[in-house]
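Take a look at the structure set out below.
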Amino acid sequence: MSTQTLKKKEKTKAIFRGVAGAAIMRIVFALLFIQLLDYPPLKVVGALMLFWVAAKLYKQLRNNEETENKVHGHGSFWHAI
């Protein structure tokens with residue numbers, strides 16, 4: 001979408017650079033997070049966050065047992081996340 005107004009040659013170059021940049025960033029971030037996972041306190045924080053999410057889902061499932069299974073939309077981007 002961002003390349004729609006570019007000339008064909010520039011468009012191809014911009015798309016290639018964008019894809020290459022995204023691939024490089026994914027590799028760099030993966031290597032960074034692999035290093036961070038060797039740090040024990042981050043494992044504890046991650047486990048606590050996972051437990052918190054599981055508890056919220058369990059609570060939500062228990063509350064929804066009494067009502068019909070309906071899909072509810074959210075009012076904002078952050079509520080949807």
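The values are calculated or read from the model by the stated rules, or taken from the named source; none is laboratory data. Keep in mind the model is a prediction, meaning the values are calculated, not measured. Here Cβ is always computed from backbone atoms with ideal geometry, including for glycine, and neighbour counts include all displayed protein chains.
Working only within the range 8-28, note down all residues that are surrounded by 10 or more Cβ atoms within 10 Å (Cβ to Cβ) and of a type in the set (Lys, Arg).
If the condition is that a residue be surrounded by 10 or more Cβ atoms within 10 Å (Cβ to Cβ) and of a type in the set (Lys, Arg), then Lys11, Lys13, Arg17, Arg26 are the ones that fit.
Tally up the residues in the range 34-78 that are part of a helix (DSSP H, G or I) and either at pLDDT 65 or above or more than 18 Å from the chain's Cα centre (by Cα) (or both), please.
Result for the range 34-78: 28.
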